[in-house]
Each structure stands twice: as C-alpha cells, then as structure tokens.
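A short write-up of the structure that comes next.
Only the coordinates and a few stated rules stand behind these numbers; no lab work does. Quantities reported herein were computed from a predicted structural model and do not represent experimental measurements. Positions of Cβ are generated from backbone atoms using ideal geometry, with glycine treated the same way; all protein chains shown enter the neighbour counts.
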Amino acid sequence: MMQAAIKSRASENWLTSNNPLLLVVYLSLMGTFCMVAAMYYMKVDIDPVLCLGALGLIFGIYLLNRYTDTREDFVNHLDKFIFFENKHFLFAASVCTLGFTAAILILTHKFNYYFALLLTVGISYSYKIVPWHSKNNGLLFLRIKEIPIIKNLAVAVLWGASVFLLPALDNPGSIHNFTPIIILAFALAMSTFNNTLYNDIKDRLGDKIANNHTVPVIFGTQKTILVMRIINLGWVLTVCALYCIQKIPLLMFVFLMAMVAYSLLYLTPDHKNQNYRAHEFLCESDLLFFASGLIILGSI
C-alpha cells in the first residue's frame, strides 16, 4: 500500500512538472482530432499524412512559441518559464518537427500554399519578421502577437479555416455544399477568438511589461470583456437568424448555441480564483468540444 502511494505521488509530480509541455501536446492532438472530425463530417477519406502534417505543424509552432514568450511567462506563468528555461533540446525538437513535417508533406505531394501560409504565419507569430510602420519609430519588424487585434484575428481565422480547408484542398470537387462548412468554420473561429482574447486578459500584466499591445493592455480588462460580450451576442443573433430562415437544421443550431455556452464556462472575470491548471486545459478543450460536435453532426 505504501509503494502504491509512492508511485501515485511520483506520477502526480511528473504530471505537475511536465504540465506546460503536456498542454502543447494536448493542443496538438485536439487540433488534429478537429481535422479528423472535419474529414468525417465532409465525407472525405481520412488522410493519415494530412493528419500527421497538422499534428507536426501545431506541435512545432506552439512549442517554438514558448521560447519567445519568456518575458511574459516570467510574470504570468512562472511554471512555464521555469520548465522551458535552458531546455534547449525542446527548442531543437520544435525546429526538427517543423522541418520533418514539411519534408513529409513535400515528399507525399501534400504540401500546398495553405500549409506554406500556416508555417509562415506560425513563425512570424513568434519572431520579428513582419514589417510594420510606426509614426514615431518608422519601419519596424514585429511579431504578429505584438500587433493589436491582428494577432487575435489571425489565430481565429486560421484555426477556423484550416480544419476544413486543408481536407477540401486535398479533395477538390468532392464537396458540393459549402454553406454549412463556412458556418461551422466561423463558429470555430469565434470560439478561438474568445479564447485568444481571454488569454490576453489573463496575461495583461506580462504583456504590458513585454510591450505587447494587446487589446486588454490598450483598453483595459472591463472594456475587453464588454467587447467580447457584444461580439458573442451578435453571433448568437446571427445563428438564430440562420435557423429562422432555414439555412441550418435544428441540430446544428443547438450545437452552435452549445459552442457559445461552452465559452461562457471560462469567460469569467474571476479567473484568478479558479484552479489554474484545470482551467487552462478547459480553455484548450474547445477543440475537443467542437470535434465531438462535428462527429455527431456527420453521423446524422
């Protein structure tokens, strides 16, 4: 019994100490699961190479991003800062993963302009390669994450579009009704937009120190929350209108409303009083929720 307790404690310590890396792995798996669910919903063959490409791209980009967030993490997420500090092999792993993924896609003739776009945006999100003109400083090179609202829109649009567009590009001519796909893609983009803005609210202090001009840094937490509520209300009214004019069936209407309700689980001003680790996994589980809904819709 004592040995079992020791093993349980050791397992708990391992999970706790590796939580930042596990979160990246979890996000990568859920993103890939979303693409599998999208293929199932669109009734196209599930392509393992395409799924491997998505997995490698998500994992490589998000792991790479951890090494450019050190100033923010030191203030906002000290556990992440401590975990990734001096772990140069993980930085090398992220670069190798991106290179290996690109090579596999090229060799299998799956690499297309959209994969190239995702790779470019993913790298420019973390590194100062985006030209930007400032009235006070002239021409600058910034990270996408340093450009107000652009970073939120870029992440939201790319997540919403990618899970559907990559399978569609790989199966030209096999999809005939794009209306529900566009609506579902917009729903995922909305959920991701909520997620990015909420994370900006949580990270406001570190972003301010790192000179990242996010929406909460510029306008404050309360105004950001107000904007999120207005945008979500507009989306709810849009979904209701689509259902009323019979553009979406009842089950899809219920699912889209459930997506908004799920966001409300973590869009709460008192996030500091919640369990940090469990709450972070809850935020990233919107992909799991969305993928599960796609499978249900595709089975009807």
Next on the checklist: Shape verdict for the range 157-236, please, from the Cα gyration tensor: rounded (a/c under 1.5), prolate (a/b greater than b/c) or oblate.
Outcome noted: oblate
Next on the checklist: Can you list which of the DSSP-assigned H helices in the chain have a Cα extent of 15 Å or more along the long axis and an average Kyte-Doolittle score of at least 0.0?
Outcome noted: 19-42, 48-66, 88-107, 113-126, 150-170, 179-202, 221-244, 250-266, 286-299
Next on the checklist: With +1 assigned to the C-beta of every Lys and Arg and -1 to the C-beta of every Asp and Glu, and no other charges, what is the dipole magnitude of the chain about the Cα centre in debye, to the nearest 20?
Outcome noted: 420
Item to check | Proximal lysines to Lys110, defined as alpha-carbon separation beneath 26 angstrom and excluding residues fewer than eight positions away on the same chain | outcome: Lys43
Checklist outcome for this item: Least to most buried among Thr224, Thr238, by other C-beta atoms within 10 Å and fewest first, runs Thr238, Thr224
Item to check | Fewest-first ranking of Thr179, Thr221, using other Cβ atoms within 10 Å as the exposure measure | outcome: Thr179, Thr221
Checklist entry - Can you tell which of Ser134, Ala161, Phe290 lies farthest toward the positive end of the dipole of the chain, using +1 and -1 charges on the Cβ of basic and acidic side chains (Lys, Arg; Asp, Glu)? => result Ser134
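What number, in percent, do you get for the relative contact order of the range 168-250 if the mean sequence gap of Cα pairs under 8 Å and at least 6 apart is divided by its residue count? Kindly include the intermediate steps, with their values, before the conclusion.
On the way: 30 pairs, mean separation 16.1, N = 83.
Once divided by the residue count of the range 168-250, the mean separation gives 19 percent.
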Next on the checklist: Distances longer than 35 Å among the Cα atoms of the chain: what percent of all pairs is that?
Outcome noted: 22
Checklist entry - Out of residues 5 or more away from Ile149 or on other chains, whose amide H comes under 5 Å of its own, with H placed 1.01 Å from N in the peptide plane? => result Val215
Checklist entry - Quick one: length gained pulling Leu153 to Lys43 fully straight, 0.36 nm per residue minus the C-alpha distance? => result 36.7 nm
Next on the checklist: I need the phi-derived Karplus couplings for the range 132-143: 6.51 cos²θ - 1.76 cosθ + 1.60, θ = phi - 60°, integer Hz, Gly and Pro marked x.
Outcome noted: 8, 9, 10, 4, 8, 10, x, 6, 10, 10, 10, 7
